[in-house]
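The next block holds one structure in the form of structure tokens; read it before the comments.
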Amino acid sequence: STAITCFTRGLDLRKETEDVLCPANCPLWQFYVFGDGVYASLSSVCGAAIHRGVITSAGGAVKVQTLPGQENYPAVNANGIQSQMLARWASSFAVTPYPFNILTGSKDTALEAVGRSISTARPSTGKRPKKLLEKKSGNKDCKADIAFLIDGSYNIGQRRFNLQKNFVGKVAVMLGIGTEGPHVGVVQASEYPKIEFYLKNFTAAKDVLFAIKELGFRGGNSNTGKALKYTAQKFFSLENGARKGIPKIIVVFIDGWPSDDIEEAGIVAREFGVNVFIVSVAKPTTEELGMVQDIAFVDKAVCRNNGFFSYQMPTWFGTTKYVKPLAQKLCSHEQMLCSKTCYNSVNIAFLIDGSSSVGDSNFRLMLEFISNVAKAFEISDIGSKIATVQFTYDQRTEFGFTDYITKEKVLSAIQNIRYMSGGTATGDAISFTTRNVFGPMKDGPNKNFLVVLTDGQSYDDVRGPAAAAQKAGITVYSVGVAWAPVDDLKDMASEPRESHTFFTREFTGLEQMVPDVIRGICRDFLDSKQ
């Protein structure tokens, strides 16, 4: 068997059928798995094997079979791993047990005979004994960091405000709060937003209930948009208790209508990887509709306008029957379409050597390398973005981060790049890209990456411009071919230089580097993730 890492993906394997060996103790929460039974090739092989029940977290040997692409990959929670939904992918794979598990010294066929245990992410029924409700670990099938953005305006009034608190408390208990389960905090929206308590403050249901009970009514206008934007930007930080790799959710309660614009706040929340739910109670009356800035405010604020993220209750009275359905939604990890991953939260600029030594045919191989890296990422207006710059002694921006916001258009634009031919001034090109391509994106939510492709010695200094790029928050990967000096490549690369520097003697070797570059970008993203 070929030993692989926890994060080796199906597309990293070169054979149609391959026996691989997964290591023990892979962190389940870091796996990216798409599908069930048949998995998209960008899924982790070991993650898929555990999800399928072929191996356990103790690791072991797995047989991997390459399959054609699928139109749809479902999301299923199984064996501690929540797979994600994917609409379409070019290739797939399936995993089956290897006859003998090298790590455990037992036959994996026993696992197959027993069958896999599937658990769905569902909240508790509320009928457990009180002692169990206060269990410190919480509901492990529902890992989420949730901010309840409650309405504290004059719209709702003191009496309905208390009923709202009662409802929020019931939802919090139903979720199964605990150290390894969901964490919750509360923000009150009125004239100005106020964070009542953070995710880190309470991890036991009884403490959360007490904190909610003690909340005071503030009054004022229902500036929900201002409060939503503030919560998305300020609430979910590591210092305030947000956890890496856990979905971020804001549940917005609106009694009537917001007094301000909520659409921009919804855009900001999506950019920060926050899933927004709107719970609207008591729709505006016909007379009140004239005061509403935008009748479609719910559709424009939620994570996706697909019906899942909006929730309507006719009144604050008799809300018990609405508690469990809302809690189940908040625990449906596969539906959290706005969560940040390395695939939808990066800006990658490719700096391409167009010097005379490359040649037209090799230049096409460089473009193929760029396309294959770009294919792995979810490119959209609120997702990952791609830019390309070609350089000789001069620089030419082929397209910037905001020029193309679909994967199809990006890949088409890459194929249409025309070879320049000329000298090699890599340092100037790095400075140009830092200033003109990354400059407009410096305050954005995505993590920035620069991939430099060159085949030779630069006529100018590369160390200074690369250091300036890194100081500006850009992680630099250097990919060298043929006569590119390894010392120059290392001078350009971010730390640790060994894992950010790649070299191949032949241009045909670029293809083999694609998985390693993608994996490196994802590793850097996870290391920096808030």
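Some observations on this one:
- Among the listed pairs 340/442; 63/324; 244/385, those whose Cα-Cα separation exceeds 29 Å are 63/324.
- Distance from the Cα centroid of region 192-206 to that of region 366-384 is 39 Å (rounded to whole angstrom).
- Once the Cβ-Cβ distance of residue 467 and residue 3 is raised to the sixth power relative to R0 = 30 Å, the FRET efficiency obtained is 0.25.
- Estimated from helices alone, the mean residue ellipticity of the chain at 222 nm is -8500 deg cm²/dmol (sum of -39500 (n - 2.57) over DSSP H runs with n ≥ 4, per residue).
- Residue-span extension gain [residue 233 to residue 459] - 0.36 nm each, minus C-alpha spacing: 77.0 nm
- Where no second cysteine Cβ lies under 4.7 Å, the cysteines concerned in the chain: none
- Whole-number Å³ per residue for the convex hull built on Cα positions in region 2-97: 71
- Residue 17/residue 405 FRET efficiency (R0 41 Å; Cβ-Cβ; nearest 0.05): 0.60
- A convex hull fitted to the Cα coordinates of region 346-528 yields 97 cubic angstrom per residue.
- Taking amide hydrogens as placed 1.01 Å from N in the peptide plane, the amide H of residue 178 sits under 5 Å from those of 139, each at least 5 positions away in sequence or on another chain.
- In nm, spacing of pseudo-spin labels at residue 206 and residue 264 (7 Å Cα→C-beta vector): 4.6
- A simple spin-label model places pseudo-atoms 7 Å from Cα toward Cβ; at residue 499 and residue 356 they are separated by 4.1 nm.
- Note that region 10-24 has calculated 3J(HN,Hα) couplings of x, 6, 7, 8, 9, 9, 5, 10, 9, 9, 10, 10, 7, x, 7 Hz, one per residue in order, obtained from phi through the Karplus relation 6.51 cos²θ - 1.76 cosθ + 1.60 (θ = phi - 60°); glycine and proline are x.
- Of all accessible heavy-atom area on the chain, the percent that carbon and sulfur account for (1.4 Å): 51
- In order along region 425-440, the Karplus-derived 3J(HN,Hα) couplings, from 6.51 cos²θ - 1.76 cosθ + 1.60 at θ = phi - 60°, round to 10, 5, x, 4, 5, 5, 4, 4, 5, 4, 6, 9, 9, 7, x, x Hz, and Gly and Pro are given as x.
- Cβ-based charge dipole, the chain, positive-most Cα from 10, 296, 486: 296
- Loop trypsin sites (Lys or Arg not before Pro), region 392-464 (other Cβ atoms within 10 Å of the site Cβ: 14 or fewer; DSSP): 418, 442
- Residues of type aspartates and glutamates that residue 213 reaches as a straight line, Cα spacing below 14 Å, ignoring anything fewer than 8 places off in the same chain: 196
- Diagonalising the gyration tensor over the Cα atoms of the chain and scaling each eigenvalue by 5 before taking the square root yields semi-axes of 45, 31, 18 Å, largest first.
- Net charge dipole size for the chain [Lys, Arg +1 and Asp, Glu -1 on Cβ; Debye, nearest 20]: 2580
- R0 of 30 Å, Cβ-Cβ distance residue 159-residue 72: FRET efficiency to nearest 0.05: 0.05
- Between 0 and 90°, nearest 10: helix 224-234 axis offset from the chain longest Cα axis: 50
- Remark: region 256-270, residue by residue, has Karplus-estimated 3J(HN,Hα) of x, 7, x, 7, 10, 6, 10, 5, 4, 4, x, 5, 4, 4, 5 Hz, where x stands for each Gly or Pro and the curve is 6.51 cos²θ - 1.76 cosθ + 1.60 at θ = phi - 60°.
- Extension gain from residue 312 to residue 24, taking 0.36 nm per residue of separation minus the Cα-Cα distance: 99.1 nm
- Positive end of the dipole of the chain (Cβ unit charges, origin at the Cα centre): among 172, 309, 332, the Cα lying farthest that way belongs to 172.
- Accessible area in square angstrom per residue, the chain, 1.4 angstrom probe: 42
- Once the Cα atoms are used to define both axes, helix 157-175 deviates from the longest principal axis of the chain by about 60 degrees.
- DSSP beta bridges confined to region 346-528 are antiparallel in about 15 percent of cases.
- Under-5 Å amide H pairs with residue 504, H placed in peptide plane, nonlocal only: 480, 481, 482
- Cleavage-rule hits (GluC sites (Glu not before Pro)) in region 1-75: DSSP loop, at most 15 neighbouring Cβ within 10 angstrom: 16, 71
- 0 to 90° range, to nearest 10: angle between helix 320-330 axis and the chain longest Cα axis: 10
- Each Lys or Arg adds one and each Asp or Glu subtracts one; over the other residues with Cβ under 14 Å from the Cβ of residue 455, this totals -2.
The values are calculated or read from the model by the stated rules, or taken from the named source; none is laboratory data. The structure presented is a predicted model; accordingly, all values stated were derived computationally and were not measured. Backbone-built Cβ (ideal geometry, glycine too); neighbour counts: all protein chains shown. Note: areas computed on protein heavy atoms with side chains; ligands, DNA, RNA excluded. Shrake-Rupley method; radii C 1.70, N 1.55, O 1.52, S 1.80 Å.
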